[in-house]
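To start, the structure itself, in structure tokens.
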Amino acid sequence: RSVYDGEEHGRFMEKLEARIRNHDREIEKMCNFHYQGFVDSITELLKVRGEAQKLKNQVTDTNRKLQSEGKELIIAMEELKQCRLQQRNISATVDKLTLCLPVLEMYSKLREQMKSKRHYPALKTLEHLEHTYLPQVSHYRFCKIMVDNIPKLREEIKEVSMSDLKDFLESIRKHSDKIGETAMKQAQQQRNLDNIVSQHPRISGGKKSKKEVCASSDLEVKNTSPMSEQDSGILDVEDEDEDEEVPGAQDLVDFSPVYRCLHIYSVLGARETFENYYRKQRRKQARLVLQPPSNMHETLDGYRKYFNQIVGFFVVEDHILHTTQGLVNRAYIDELWEMALSKTIAALRTHSSYCSDPSLVLDLKNLIVLFADTLQGYGFPVNQLFDMLLEIQDQYSETLLKKWSGVFRNILDSDNYSPIPVTNEEVYKKIVGQFPFQDAELEKQPFPKKFPFSEFVPKVYNQIKEFIYACLKFSEDLHLSSTEVDDMIRKSTNLLLTRTLSNCLQNVIKRKNVGLTELVQIIINTTHLEKSCKFLEEFITNITNVLPETVHTTKLYGTTTFKDARHAAEEEIYTNLNQKIDQFLQLADYDWMAMEPGSKASDYLVDLIGFLRSTFAVFTHLPGDVDVHSTMSGKVAQTACMSACKHLSTSLMQLLLEAEVRQLTLGALQQFNLDVEECER
């Protein structure tokens, strides 16, 4: 800085040049001092260069020879290196394949199981694949594809197994009537067997009843495991002869689709979903089964098919209850049964009310009893069904009464209302066998002879007995006590006597064209029927084994019925006579202004008295038991005579007191007196 500041750089350069020259001189001195050594070193170096050139030539030659000799070795080494590499790759590949092959085999097995619809084993395979094999080879791309496919496969298994279940449910719905029919046949066989055993108790020892055998077999799950390869819903069963053993209801059904589907959903953690779906679908099916066809009441087959479907439904549910753990439970079954019971009873009440044929009602009752016994055998409470049968019993009685009303009408309309003639002993015994009649006087009389009553008496008596038998048939298998049966029969028979038979008799008595002879015969007939009531009492006692002295025993009102009919007939006789008298009196033509009386009684009055004389002759010539019928007819005749006389006297007085008769002569009065004297005579 001082050089530049003082402008002395020229001088400075000079000094610097001088300094350089001094240094050069020192260098030159130093070189001159070491020059010889330098020359020696160069000379030695030149010698070394020659030696070095020789060495180089030797090395080059040796290298050439080495390269020539080592070429084959290098090739061999290269080959060895390649071989070692391949060997290592092969070993690694084998190791990897050892891990991958089981995965592929399992996947192949899974596909095969899916193809052959073995869904439960497929699910197990899928689990092994997912949890055991795939984690070992998870870094491979194909494994990632498999992992991604696993949820889809699970869903596919769920869908397919659900599809199998739907097929099973549809098949069950179609075949439930066949299952029910089989179950009811079993129940019928068991009832027959029980009846045989109760009649011959000695043969029952040591033998298992069919019901017990069926019950034990029903509780066993069918040998079709969840791994079964076939998903058939219902197995076909040929119709068997009655003599052959009926197959068990469970033998008709392959439940494996339900078991498989249940296992699959349980493994997939969706058991609750499955249970809810199954119960919902079965509830829907129950509602369909419980919907009766509109024309069910027309034939017994309509009722039978309806019952078969209901029984089939609950037999399947009962089996599911006992062979699966919680798919259905007792509360669910009881709820379904309560619904079924109420709907069935409502349907039966409605449809049975349309039925007017007592034989169909009786067949229906037997079918309901079999239906109830069948379901009771599976543990379902059926008391309400038997209570409803007591309601149907009232309806049955009504249909019987209607039927017997027609029967009685036909008997009464076809009767000739004349005593039954008998020409020989055989006919006599036949009639006495039909109707409880004993008369020592009649027995002593020679043939031909006549019973006092007409044909309708034994016919009506036998029809009353037939009615009692018909009532008894309905009471069978209703689990009623003999007292209840007796009471039921007596009440129904009372209705038959007091309502049906009484109305029929009253209608005959009130007919326009009924004659006095017929009315008198009706009086005799009803008297005999009245006496037969005690025999009807005995008849009922014999078939029910309930003595009439038992407390609360209903008495027969037959006596009242026949007395009422007899009184009505008597009244009709009196009314008819009075009507005839009125007809004759209409012919009376008195000349109230006549000056002289006639020489004899009026013609109309003579005719009237002639009619009455012939009428009362009917009463005095009645055939039969002298002690009973002549006395009875005599009483009727006396009462009729008194009634006729009273009516005639009243009517004659009315003739005199008519408003139109304003005046009359002594001659007219004398003529009237003649007529009254004729009546008196």
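The values are calculated or read from the model by the stated rules, or taken from the named source; none is laboratory data. Note that the structure is a prediction, hence the values are computed from the model and not measured. Reconstructed Cβ throughout: ideal geometry from the backbone, glycine too, with neighbour counts over all protein chains shown. Heads up: the accessible areas ignore ligands, DNA and RNA and are worked out on the full protein's heavy atoms, side chains in. Shrake-Rupley method; radii C 1.70, N 1.55, O 1.52, S 1.80 Å.
Taking only Cα atoms, what is the 0 to 90° angle, nearest 10, from helix 210-219's long axis to the longest principal axis of the chain?
Once rounded, the angle reads 30 degrees.
Assuming a ≥ b ≥ c are the square roots of the Cα gyration tensor eigenvalues, decide whether region 364-442 counts as rounded (a/c under 1.5), prolate (otherwise, with a/b larger than b/c) or oblate.
prolate
Can you compute the radius of gyration and Dmax for the chain, using only the Cα atoms, both in Å?
61.8, 232
Out of LEU268, THR560, SER41, whose Cα points farthest toward the positive end of the dipole of the chain (charges: +1 Lys, Arg; -1 Asp, Glu; placed on Cβ)?
The residue sitting most towards the positive pole is SER41.
Farthest toward the dipole's positive end in the chain, which of PRO448, ILE150, CYS679, given Cβ charges of +1 (Lys, Arg) and -1 (Asp, Glu) about the Cα centre?
Going by the charge dipole, the pick is ILE150.
I'd like the Kirkwood hydrodynamic radius of region 318-414, using the inverse of the mean 1/r over distinct C-alpha pairs, in Å.
15.6
Can you pull the three principal axis extents for the Cα set of region 1-135, in Å, largest first?
Principal-axis extents of the Cα atoms in region 1-135, largest first: 116, 62, 18 Å.
For Cα pairs less than 8 Å apart in space and 6+ apart in sequence, what is the mean separation divided by the residue count of region 289-398, i.e. the relative contact order in percent?
30
Using the basic label-point model (7 angstrom from Cα toward the beta carbon), what is the GLU72 to GLU28 distance in nanometres?
7.0
Find which of LEU85, ILE75, HIS131 sits farthest along the positive direction of the dipole of the chain, computed with +1 on the beta-carbon of Lys and Arg, -1 on that of Asp and Glu, about the Cα centre.
Among LEU85, ILE75, HIS131, the one farthest towards the positive end of the dipole of the chain is ILE75.
Residue by residue, what Karplus-based ³J(HN,Hα) values in Hz, rounded to whole numbers, does region 307-313 have, using 6.51, -1.76 and 1.60 with θ = phi - 60° and x for Gly and Pro?
So the J values, rounded to whole Hz, are 5, 4, 5, 5, 4, x, 4.
In square angstrom, rounded to the nearest 10, how much accessible surface does LYS450 have for a 1.4 Å probe?
Result for LYS450: roughly 110 Å² accessible.
When each pair of different Cα atoms in region 407-484 is counted once in the 1/r mean, what is the Kirkwood radius in angstroms, to one decimal?
It works out to 14.7 Å.
Placing +1 at every Lys and Arg Cβ and -1 at every Asp and Glu Cβ, with all other atoms neutral, what dipole size does the chain have around its Cα centre, in debye to the nearest 20?
Using Cβ point charges on Lys, Arg, Asp and Glu, the chain gives about 3700 debye.
To the nearest 10 Å², what's GLU44's accessible area with a 1.4 Å probe?
120
May I ask for the distance between the Cα centers of region 147-199 and region 335-396, given as a whole number of Å?
Their Cα centres are 25 Å away from one another.
Given the protein chains as shown and a 1.4 Å probe, how many square angstrom of PHE539 are accessible, to the nearest 10?
Its heavy atoms expose roughly 30 Å² to the probe.
Given Cβ point charges of +1 (Lys, Arg) and -1 (Asp, Glu) and nothing else, what value in debye, to the nearest 20, does the dipole of region 479-616 about its Cα centre take?
360
Sum -39500 (n - 2.57) across every DSSP H segment of at least 4 residues in the chain, then divide by the residue count to get the 222 nm mean residue ellipticity, nearest 500.
-25500 deg cm²/dmol
Going by alpha carbons, how many degrees (0 to 90, nearest 10) lie between the helix axis of 482-495 and the longest principal axis of the chain?
Once rounded, the angle reads 50 degrees.
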